[in-house]
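The values are calculated or read from the model by the stated rules, or taken from the named source; none is laboratory data. Not measured: the values here are computed from a predicted model. In this analysis, Cβ positions are derived from the backbone assuming ideal geometry, glycine residues included, and neighbour counts consider all displayed protein chains. Calculation scope for accessible area: heavy atoms of the full protein, side chains included, ligands and nucleic acids excluded. Shrake-Rupley method; radii C 1.70, N 1.55, O 1.52, S 1.80 Å.
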Amino acid sequence: FRYQISVMNDIPDGKGGVAAIIPLPADWKMNSEGAVLAGPNGIRVKDYAGQSFMVNYDQNLNYAYSQTKMRSMPNIEQLIQEDFIPTLGNQGLEYVKSYEIPEISKMDKWYSDQLFKAMPSQSFAKAFGSEWKDKSGKPYFVLIHVNASETQQMQNWYYMYSILEADADAYEKAKKAYIFALANTRYNLEPIMAYNKAEAQRVGQNWAAFNQRMAANQAAFESSQRAFVN
């Protein structure tokens, strides 16, 4: 694996620019064969949308979040038992084991720390690898990203995941190349700065509107109180 030639590939930002560059084996292709990554020996990587949840610590906000899915962030084994085993089991996969991948966790945490936060919060970002196999014994690698943000009022967290498959004799090499690629992705700061600016403006506008509504409500309350006293 250490002698495998890697080539830097652009990850587009969807606006004609480059969001990041990622080192991939020279014989891998991006967005090919219905997968985000594809290579020889049956190598295919697919991304899957995850789930997001929250926990509200402020009873005054219970009504505002009454329609929101509430769930505390579990540890990785509990998450796999509750969410992944039912989902992937229906696809014929059997769970084997899981483990943190520190080098990807470090990159996920760095990226999370660059993003605009509306309120001071504690952030959590970790990546976990999990091993699976189908009925024939073919191995599958499921990479799970878990991110959380917690303030005194609430906890917001989500997970997303990717599945790598390859022929049995190429699996370990493909898994190492995939982990190396994600751990050594280099992000372009311009899209991050543009996102942060837009979020700051959006939140600022929302807070301004919220403060305006609160001021109007307070004025109406004071007016009704004066009418009552009079």
Inset, instruction - Scan the strands (runs of 3 or more DSSP E) fully inside the range 1-59 and keep the ones with 1 or more residues being on the phi > 0 side of the Ramachandran plot. - result: 29-32
Inset, instruction - Give the range 63-80 a look and list any residue that's outside any loop (DSSP other than H, G, I, E, B) and surrounded by 14 or more Cβ atoms within 10 Å (Cβ to Cβ), or say none. - result: I76, L79, I80
Inset, instruction - Return the residue satisfying two criteria in turn: it lies in the range 148-174 and is part of a helix (DSSP H, G or I) and open to solvent by 20 Å² or more (accessible area, probe 1.4 Å), and of such residues it is nearest to N9 (Cα to Cα). - result: K173
Legend entry - Members of the range 22-51 that are within 27 Å of W157 (Cα to Cα) and open to solvent by 60 Å² or more (accessible area, probe 1.4 Å): K46, D47, Y48, A49, Q51
Legend entry - Of the criteria (1) modelled with pLDDT of 95 or more; (2) in a helix (DSSP H, G or I); (3) touching an Asp or Glu at 6+ places or on another chain (Cβ under 9 Å), which one E190 fails: (1)
Inset, instruction - Can you tell me which residue among N75, N56 is more than 18 Å from the chain's Cα centre (by Cα) and either at pLDDT below 95 or closer than 20 Å to S162 by Cα (or both)? - result: N56
Legend entry - Test for M119: is it in contact (Cβ under 8 Å) with a residue 12 or more places away in the chain, open to solvent by 40 Å² or more (accessible area, probe 1.4 Å) and part of a loop (DSSP other than H, G, I, E, B): yes
